[in-house]
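The next block holds one structure in the form of C-alpha cells; read it before the comments.
The values are calculated or read from the model by the stated rules, or taken from the named source; none is laboratory data. The model shown is predicted, which means the values in this text are computed figures rather than measured ones. Note that each Cβ is placed from the backbone with ideal geometry, even for glycine, and that neighbours are counted across all protein chains shown.
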Amino acid sequence: MDIELKIDINGIHKKFSEYGQNAKEWQRKCGLLLKDIERFEIWKKKGFFSIYIYAAKLAGMNKVQVDEALRISKKIEGKPALIAVAEKKGLYAVRPVASIATAETDKYWAKYAMEMPKNELEIFVKSQIEQRKNLVEEKDKEGCRLFELFDHRKANKLEIFTLNLKPEIISKLQKFCKGDWNEFMAKLIELYEKNLIQELQKEKPAPVKTESRHIPKEISDYVIKCSNGKCEFPNCGKKYDHLHHTNRFSSNRVHDPDQIIALCEAHHSLAHRGMIANEDKAIENWVLQSGPDFSNLQTSLNWYVDQQVQLNRHR
C-alpha cells in the first residue's frame, strides 16, 4: 500500500536558505580571523599540520579561500575604514580595492565598497585606474605618478588572432591592403559600421509617448539589434540585461529609440547612481565618475528622478 507523503517544500527551502546564510556569515567571520591565526601560529599550537588543514577542519574553507583571505587581510592592514567594511560585508567586498587603496584613500574607497555590490565596484575601480593611468602619461614628464599599477609594456601589445579564410578572400585582402594591416582592418571595420548604421537608421521606429513603462516591441527589438545584444558602455561588451532610458522615462513619458541604451546589470546600476558622466551625449563619450555631476542639468534631473523612483519602490 502506497503512502502519500506531504512534503513542505517551501519550509525545507526556507530552512536551507537560512542555514546557508548563517554558514556564509560565519565563514566570513572566520576569514577575518585567519590573519591572526597565521601570525600567532595558532594552528600549530592546536596540533594541526598546517593552517589549511586547520581552516578546512574547523571552518570548511579550502586552500584558495584561505590564501585569498590572508592576501586581502594583509592588503587592508592600516586601513581602518576598509577593515570596518570587511567586518560588516566580508573580505571579498573589499577585494576590488584592496590593492589600490592607500592610507590616504582608505575612506574614499571604503565608501564605494560599502555602497556597491562587488561586480559594480570592480568596474568602477577598473575605470578609475584607466583614467589615472591616462593622467600619469600626461604628467609623467613632471614626475607626477598617481598609480603604479599599469604596465606600460602592455600598452601597445599586439595579439595573434587566427582566421580560417578561403583562398579567394585572402587574395582580395592582400590586394587591397598595401600598408599596415592594423590600419587596414580599422578602416574596414569603420566602413562596415557606417554601412550597418545606415541600414539600421532605415529601420528605426518613431518615438512613442505613453503612460506605460513597457517599451514597445519594435523599439526594444531595434535597440537590441543596434547593440548586438551587448552592453553598449564603452569597452564592456557583456550581455545586456536592461534597456536604459538616458533621458528618464518618468520625466517625459517617452520611449525614444535614440535615448534607450542596452546595458549590463552593473553599468545599469551605476547609471542610476549618477556615476556615468556625459550620459546626455553620444555613448562613446561615456565615462565613469565618482558621483553625480550637479553642474550638468540633465544629469541632475536624471539623478533626482532616480532618487524619487527608489523612494517610491521602498514605500
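Limited to the range 216-246, what total is found for residues that are more than 17 Å from the chain's Cα centre (by Cα), hydrophobic (A, V, I, L, M, F, W, C) and over 12 Å from Gln259 (Cα atoms)?
Final tally of qualifying residues: 2.
Starting from the range 112-131, keep only residues that are within 17 Å of Gly274 (Cα to Cα), then list their pairs with residues that are β-branched (Val, Ile, Thr) and surrounded by 20 or more Cβ atoms within 10 Å (Cβ to Cβ) whose Cβ atoms are within a distance under 8 Å, requiring at least 6 positions of separation or different chains.
Close Cβ pairs (under 8 Å, with a partner that is β-branched (Val, Ile, Thr) and surrounded by 20 or more Cβ atoms within 10 Å (Cβ to Cβ)) amount to Tyr112/Val97; Ala113/Val85; Ala113/Val94; Ala113/Val97; Met114/Val85; Leu121/Val97; Val125/Val97.
Residues being in a loop (DSSP other than H, G, I, E, B) and surrounded by 15 or more Cβ atoms within 10 Å (Cβ to Cβ): count how many of those fall in the range 237-250.
The number of residues fulfilling the criteria is 6.
State all residues of the range 283-308 that are surrounded by 13 or more Cβ atoms within 10 Å (Cβ to Cβ) and either modelled with pLDDT of 90 or more or of a type in the set (A, V, I, L, M) (or both); if no residue qualifies, say none.
Within the range 283-308, Ile283, Trp286, Val287, Leu288, Leu301, Val305 qualify.
How many residues does the range 114-127 contain that are surrounded by fewer than 19 Cβ atoms within 10 Å (Cβ to Cβ) and either charged (D, E, K, R) or more than 10 Å from the chain's Cα centre (by Cα) (or both)?
Residues that pass the stated criteria total 5.
Would you mind stating whether Lys230 is modelled with pLDDT of 90 or more, of a type outside the set (A, V, I, L, M, F, W, C), surrounded by 13 or more Cβ atoms within 10 Å (Cβ to Cβ) and closer than 24 Å to Lys118 by Cβ?
yes
Looking at (1) at positive phi; (2) over 23 Å from the mean Cα position of the chain (by Cα), find the lone condition where Gly274 falls short.
(2)
Does any residue of the range 141-159 turn out to be modelled with pLDDT of 80 or more, more than 24 Å from the chain's Cα centre (by Cα) and part of a loop (DSSP other than H, G, I, E, B)?
no
If Ile129 passes every condition in (1) within 30 Å of Ala98 (Cα to Cα); (2) modelled with pLDDT of 75 or more; (3) among the aliphatic types (A, V, I, L, M); (4) part of a loop (DSSP other than H, G, I, E, B) but one, which one does it miss?
Going through the list (1) within 30 Å of Ala98 (Cα to Cα); (2) modelled with pLDDT of 75 or more; (3) among the aliphatic types (A, V, I, L, M); (4) part of a loop (DSSP other than H, G, I, E, B), Ile129 breaks only (4).
Quick one: count up the residues across the range 258-282 that are of a type outside the set (S, T, N, Q), surrounded by 16 or more Cβ atoms within 10 Å (Cβ to Cβ) and assigned to a helix (DSSP H, G or I).
Total satisfying the criteria: 7.
Within the range 185-200, does at least one residue satisfy the condition of being of a type in the set (Ser, Thr, Tyr) and buried (at least 17 other Cβ atoms within 10 Å of the Cβ)?
No: zero hits.
Go through the range 11-60 and count every residue that is within 33 Å of the chain's Cα centre (by Cα), more than 25 Å from Leu82 (Cβ to Cβ) and surrounded by 12 or more Cβ atoms within 10 Å (Cβ to Cβ).
Residues flagged as within 33 Å of the chain's Cα centre (by Cα), more than 25 Å from Leu82 (Cβ to Cβ) and surrounded by 12 or more Cβ atoms within 10 Å (Cβ to Cβ) within the range 11-60 amount to 3.
State whether the residues of the range 92-101 include one that is under 27 Å from the mean Cα position of the chain (by Cα) and either surrounded by fewer than 12 Cβ atoms within 10 Å (Cβ to Cβ) or without any contact (Cβ under 8 Å) to a residue 24 or more places away in the chain (or both).
Yes, the range 92-101 contains at least one residue that is under 27 Å from the mean Cα position of the chain (by Cα) and either surrounded by fewer than 12 Cβ atoms within 10 Å (Cβ to Cβ) or without any contact (Cβ under 8 Å) to a residue 24 or more places away in the chain (or both).
Kindly indicate which of Lys111, Lys107, Lys14, Lys6 is assigned to a helix (DSSP H, G or I) and at pLDDT below 90.
The match here is Lys14.
For the range 204-218, how many residues are assigned to a helix (DSSP H, G or I) and either surrounded by fewer than 10 Cβ atoms within 10 Å (Cβ to Cβ) or in contact with a helix residue (DSSP H, G or I) (Cβ under 6 Å, 6 or more places away or on another chain) (or both)?
Number of matching residues: 1.
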